[in-house]
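I have placed the structure first, in the form of structure tokens, so that the comments after it can refer back to it.
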Amino acid sequence: MYMRGFIGGEKLALGILFAGTILTFTVRIFMTHSDLVIGDDTGTYLATLNFIKGTDFSGHGGERPPLVGFFMWPFIGIFGTFAGAKVAAVFASVLGSLSFYLLARKIASPLAASVGAICFIWLPIYAETLGWGFLSILVIATALLALWGWVRYSEDPSLDRALSASALTAVMCYLNQTAIPILALVLGAALFALIIKDPRMHIKYLLPGGALLVLLSLGSIPYTMAHMSNLAVPTADGDAVDYYIQIKDPVTSLIAVVGCIVFAIAGRKIGGVPGMVIGVGGALTSITQAITVPGSLSLITVLGRSILWFWMFAALVAVWGVPKMFRNISRKLSREQYQAFAGVAVIFAFIYLSSSWYLRFESVMPHYTTLDEHSVAALAWVKERTDPDEKVGAYPVTLGFYVQGVANRQDVTTAPDGGNKGEVSYEEAVRGWWARDDKAVRCTLGFIKECDSYLSDLGVRYLLTKAKPDRPLDPVFTSGDMMVYRVSEARGW
């Protein structure tokens, strides 16, 4: 018994789970009513939607696996482009409660799993993730479902369970390339340990399961190859990419050491395959969140976002461990006292998490979500006055995302540095055509002096930005602080 006097049946747990999820969704819809969209990555998701609809002129819509576009399609069909994209983001932000519950149920009581699932979707780290784009949250929800599928298989190995777990895993290939290495690392290590224990039992099921996984994943190869080609883009000087691994900082290193120890102990105490998966996954993501590859912007993203996986495994350990601690400290309490104590603790935990989530979300939205009605007006103006195959300049890169997805045009934009002038963030990782375009945009705006690269050299007539140029440029369209400059004649000043 996990929580003496505080255990409900499966029906009660599911009622709490669905009521809490629906309430969370409703609250977040009201919280975001004044925001046009959530996350500047929405622009790239819209480009993917245009691609699967056969209307993409940006040239970038086919670089991302298509499931995010299919996910958004019904919401946009019902609510329109911007409202639909926002509803899709909020919906994605609560989906993880269902898959978290399925996996947590393998190590905790139904009630603990349902309460833990609601707390999980209120973790502040995921508020920041939602702020820039909902795909990473959708990835975590899908990863939990895949892990649940393999844990379910381990409980009663059979061909149908191996095939269904493989099918769930294959979904990730069509959702996000940067998530595949982390999931493959965790599942590969866990399944290897499982096979070692009883190879005769598992090989006869895992070989067909692996074959199905490969077969279902074949269609994702073009998207994976597009992503890998971006990893290998040389520097502007033609130098090859240097894939050297680097420790981020002492704090993340400390997290890695402590995390490996804690997850190893917790995994062993949880026991069985669920304990092994959580222990292995937590230890591996403790390490990956602490390292980076400065020479590759894509690998920086892969390893950097593994902190989201780290918190996923930490939440699973908490769902298992907190009820045990609760039981130990409440042994001298009566049943009524225990119920009151547990209820108050859950309420305070929810108040703390929801308040922290809200504060984190509100603090990141101005930075990560910059689209407003003035930007939309400028994008519409440019779309009306450019040909489908024409390039459009944008500063910063987040506005370039919307040139791709909303204006549906090719973009020439900057590196992802948050719009800072002068030095480029991730300088070592900015390479090839991206480095050239970055310099061209900054030179046109006068942010870099003595330049020999300009937007007009790249066949661009218009540049969209809210930034104030450090050189004279005359706007041809103005809406609020949003400007559209004509730059085809901007070489001399």
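The values are calculated or read from the model by the stated rules, or taken from the named source; none is laboratory data. As the structure is a computational prediction, the values presented were derived from the model and not from experiment. When we count neighbours, we look across all protein chains shown, and the Cβ atoms used for this are built from the backbone with ideal geometry, even at glycine.
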Over segment 352-399, the set of residues surrounded by 16 or more Cβ atoms within 10 Å (Cβ to Cβ) and of a type in the set (Phe, Trp, Tyr) is Trp357, Tyr358, Phe361, Tyr368, Trp381, Tyr395
With the requirement that a residue be basic (Lys, Arg) and over 17 Å from the mean Cα position of the chain (by Cα), what does segment 51-96 give you? Lys53
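Quickly run through segment 364-376 and pick out the residues that are of a type in the set (Ser, Thr, Tyr) and at pLDDT 95 or above. Steps first, please.
Let us first name the residues in segment 364-376 that are of a type in the set (Ser, Thr, Tyr), namely 368-370, 375.
Of everything in segment 364-376, just one residue is of a type in the set (Ser, Thr, Tyr) and at pLDDT 95 or above, namely Ser375.
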Contacts under 8 angstrom Cβ, first residue in segment 286-301 being under 17 Å from Thr224 (Cα atoms), partner of a type in the set (A, V, I, L, M) and part of a helix (DSSP H, G or I), 6 or more apart: Ser296/Leu231; Ser296/Ala429; Leu297/Ala429; Ser298/Leu231; Leu299/Leu231; Ile300/Ala429
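Would you call Gly492 of a type outside the set (S, T, N, Q) and modelled with pLDDT of 85 or more? Outline the logic, then answer.
Numbers: of a type outside the set (S, T, N, Q): yes; modelled with pLDDT of 85 or more: no.
No, not satisfied.
If I filter segment 326-335 down to residues being in a helix (DSSP H, G or I) and in contact (Cβ under 8 Å) with a residue 60 or more places away in the chain, which single residue comes out as farthest from the chain's Cα centre (by Cα)? Don't jump to the end; show me each part of the working.
To start, the set of residues in segment 326-335 that are in a helix (DSSP H, G or I) comprises 326-329, 335.
After this cut, where a residue has to be in contact (Cβ under 8 Å) with a residue 60 or more places away in the chain as well, the list is 326-327, 335.
Working: Phe326: 33, Arg327: 36, Arg335: 43 Å.
Checking each candidate, the answer is Arg335.
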Could you please let me know if Ala13 is of a type in the set (Gly, Ala, Ser) and within 30 Å of Pro110 (Cβ to Cβ)? yes
Take segment 336-377 and flag every residue that is more than 17 Å from Thr32 (Cβ to Cβ) and either part of a loop (DSSP other than H, G, I, E, B) or of a type in the set (Asp, Glu) (or both). Glu336
Just checking, does segment 79-93 include any residue being surrounded by 21 or more Cβ atoms within 10 Å (Cβ to Cβ), outside any helix (DSSP H, G or I), in contact with a Phe, Trp or Tyr (Cβ under 7 Å, 6 or more places away or on another chain) and not hydroxyl-bearing (Ser, Thr, Tyr)? no
Determine, yes or no, whether Leu231 is out of contact with any Lys or Arg (no Cβ under 8 Å at 6 or more places or on another chain) and either at pLDDT 90 or above or of a type in the set (Gly, Ala, Ser) (or both). no
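Suppose we filter Phe71, Phe79, Phe75 for residues that are in contact (Cβ under 8 Å) with a residue 40 or more places away in the chain and either within 26 Å of His227 (Cβ to Cβ) or not aliphatic (A, V, I, L, M) (or both); which single one remains? So that I can check it myself, show each step before the final result.
Details: Phe79 fails: in contact (Cβ under 8 Å) with a residue 40 or more places away in the chain; Phe75 fails: in contact (Cβ under 8 Å) with a residue 40 or more places away in the chain.
None of the others qualify; the one that does is Phe71.
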Being touching a Phe, Trp or Tyr at 6+ places or on another chain (Cβ under 7 Å) and either small (Gly, Ala, Ser) or closer than 26 Å to Ala345 by Cα (or both), is that true of even one residue in segment 295-305? yes
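Out of the residues in segment 438-456 that are touching a helix residue (DSSP H, G or I) at 6+ places or on another chain (Cβ under 7 Å) and within 16 Å of Val392 (Cβ to Cβ), state the one that is surrounded by the most Cβ atoms within 10 Å (Cβ to Cβ). Before the answer, list the steps.
Narrowing segment 438-456 to residues touching a helix residue (DSSP H, G or I) at 6+ places or on another chain (Cβ under 7 Å): 440-441, 444, 448, 451, 453-455.
Checking which are within 16 Å of Val392 (Cβ to Cβ) leaves us with 440-441, 444, 454-455.
Values: Ala440: 26, Val441: 31, Thr444: 29, Tyr454: 18, Leu455: 28.
Within segment 438-456, the match that is surrounded by the most Cβ atoms within 10 Å (Cβ to Cβ) is Val441.
Residues of segment 172-196 being within 15 Å of Ala162 (Cα to Cα), touching a residue at least 24 places away in the same chain (Cβ under 8 Å) and of a type outside the set (Gly, Ala, Ser), which ones?
Residues of segment 172-196 within 15 Å of Ala162 (Cα to Cα): 187-188, 190-192, 194-195.
Keeping just the survivors that are touching a residue at least 24 places away in the same chain (Cβ under 8 Å) gives 187, 190-191, 194.
Those that are within 15 Å of Ala162 (Cα to Cα), touching a residue at least 24 places away in the same chain (Cβ under 8 Å) and of a type outside the set (Gly, Ala, Ser): Leu187, Leu191, Leu194.
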Could you give every pair whose Cβ atoms fall below 6 Å, whose first residue belongs to segment 197-211 and is within 8 Å of Ala162 (Cβ to Cβ) and of a type outside the set (A, V, I, L, M), and whose second residue is part of a helix (DSSP H, G or I) and modelled with pLDDT of 85 or more, counting only separations of at least 6 or pairs across chains? Tyr205/Leu159; Tyr205/Ala162; Gly209/Ala162; Gly209/Leu163; Gly209/Ser166
Within segment 108-133, of all residues that are at pLDDT 95 or above and not in a helix (DSSP H, G or I), the one surrounded by the fewest Cβ atoms within 10 Å (Cβ to Cβ) is Leu123
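Can you tell me which residue in segment 457-493 is farthest from Glu384 (Cα to Cα), limited to those that are of a type in the set (Lys, Arg) and surrounded by 13 or more Cβ atoms within 10 Å (Cβ to Cβ)?
The initial filter retains those residues of segment 457-493 that are of a type in the set (Lys, Arg), namely 461, 466, 468, 471, 486, 491.
This time we only want the ones that are surrounded by 13 or more Cβ atoms within 10 Å (Cβ to Cβ), so: 461, 466, 486.
Values: Arg461: 13, Lys466: 20, Arg486: 15 Å.
Checked segment 457-493; the qualifying residue farthest from Glu384 (Cα to Cα) is Lys466.
What do you reckon, is Glu390 of a type in the set (Asp, Glu) and over 30 Å from the mean Cα position of the chain (by Cα)? Spell out the reasoning first.
Details: of a type in the set (Asp, Glu): yes; over 30 Å from the mean Cα position of the chain (by Cα): yes.
Taking the combined requirement at face value, the residue satisfies it.
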Going through segment 467-489 in order, the residues found to be closer than 16 Å to Val412 by Cα and free of Cβ contacts under 8 Å to residues at least 60 places away in the same chain are Tyr485, Arg486, Ser488
